[in-house]
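Below you'll find the structure, written out as structure tokens, and then a few comments.
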Amino acid sequence: MQGNETNAAQDATALTLALAALGWTVSEPGRAQRLLDTTGLEPDDLRARAADPGVLSAVLRFLEAHEPDLIACAEAIGSGPAALVAAHRQLDRA
């Protein structure tokens, strides 16, 4: 049972980090547009599916693809780049 609790806690942490990263990403219009262009998501779809692990994984993948954004996002949300990368891996497993 303890393993399931650990996985649930890791999933929750990954979701929290990814949601914060999403908020940071869309806070700047140019970066938000790059996210939409890269992922193929439409603004309404992104809003409707913002808590979807697959969408959040795509956001983190987008940040990983451009290291300056990954670092800036991590600093802005009070995290580290490695934690965002780990969250991406966790969401891909979920």
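Here are the numbers for the structure shown:
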item	result
Where L41 falls short, out of the listed (1) under 19 Å from A87 (Cα atoms); (2) touching a residue at least 12 places away in the same chain (Cβ under 8 Å); (3) not polar (S, T, N, Q)	(1)
Selection from segment 17-58 of residues that are among the aliphatic types (A, V, I, L, M) and either touching an Asp or Glu at 6+ places or on another chain (Cβ under 6 Å) or farther than 16 Å from A72 by Cα (or both)	L36, L41, L46, A48, A50, A51, V55, L56, A58
Complete set of residues in segment 77-93 that are outside any helix (DSSP H, G or I) and surrounded by 15 or more Cβ atoms within 10 Å (Cβ to Cβ)	I77, S79
Residues of segment 29-50 satisfying the condition of being assigned to a helix (DSSP H, G or I) and either among the hydrophobic types (A, V, I, L, M, F, W, C) or surrounded by 15 or more Cβ atoms within 10 Å (Cβ to Cβ) (or both)	R31, A32, R34, L35, L36, T39, L46, A48
Count - residues of segment 65-76 that are loosely packed, with under 15 Cβ neighbours inside 10 Å and either free of Cβ contacts under 8 Å to residues at least 24 places away in the same chain or not in a loop (DSSP other than H, G, I, E, B) (or both)	6
Hits in segment 70-94 (condition: of a type outside the set (A, V, I, L, M) and within 20 Å of G54 (Cβ to Cβ))	C73, H88, R89, Q90, D92, R93
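Read-outs: derived from the displayed coordinates by stated rules, not from any lab. Only a predicted model underlies this, so the values are computations on that prediction, with no experimental measurement involved. Methodologically, a virtual Cβ is constructed for each residue, glycine included, from the backbone with ideal geometry; neighbour enumeration extends over all protein chains shown.
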